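What follows is a set of notes on a single structure, which appears directly below.
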Amino acid sequence: AIAESAAAVLALVPEVVAHGNQHAVSDAGMATLLAAAAVRSAALNVLINLSGNPDEAAVKAYRDRLGRAGTGLAQADAIYAAVCGKLA
């Protein structure tokens with residue numbers, strides 16, 4: 001749930017960067033960094049807990065959820081670069 005919530009935050013940031021208050025763009029950069037870190041750290045916790053789970057269906061379901069949550073991570077660097085571009 002944490003990874004999914006953080007991914008949802010990450011999905012909102014491009015809108016803030018594009019149309020939000022220029023004085024808050026650094027906050028959008030921080031949101032990007034923190035949300036990406038939250039997705040990654042939550043994934044680590046899930047993966048360590050799955051390592052001993054004998055229920056293959058549950059393991060697959062959790063891995064699928066992590067995969068969906070992680071799709072926004074590919075955009076995190078681009079979002080951060082856009083923020084930095086607005087600060088320059």
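Can you tell me which residues in the stretch 44-71 are among the basic types (Lys, Arg) and either modelled with pLDDT under 90 or outside any helix (DSSP H, G or I) (or both)? Passing the criteria: only Arg68. I need a count of the residues in the stretch 72-88 that are within 12 Å of Leu10 (Cβ to Cβ) and either in a helix (DSSP H, G or I) or hydroxyl-bearing (Ser, Thr, Tyr) (or both). Qualifying residue count, the stretch 72-88: 8.
Of the residues in the stretch 18-62, how many are exposed (fewer than 10 other Cβ atoms within 10 Å of the Cβ) and either touching a residue at least 12 places away in the same chain (Cβ under 8 Å) or hydrophobic (A, V, I, L, M, F, W, C) (or both)? Outline the logic, then answer.
Quick first cut of the stretch 18-62, residues exposed (fewer than 10 other Cβ atoms within 10 Å of the Cβ) only: 19, 21-23, 48, 51-52, 54, 56-57.
Next cut, either touching a residue at least 12 places away in the same chain (Cβ under 8 Å) or hydrophobic (A, V, I, L, M, F, W, C) (or both) only: 22, 48, 57.
Total meeting the criteria: 3.
The values are calculated or read from the model by the stated rules, or taken from the named source; none is laboratory data. In this text, all values refer to a predicted model and were calculated from it rather than measured experimentally. Note: ideal-geometry Cβ built from the backbone for every residue, glycine included; neighbour counts use all protein chains shown.
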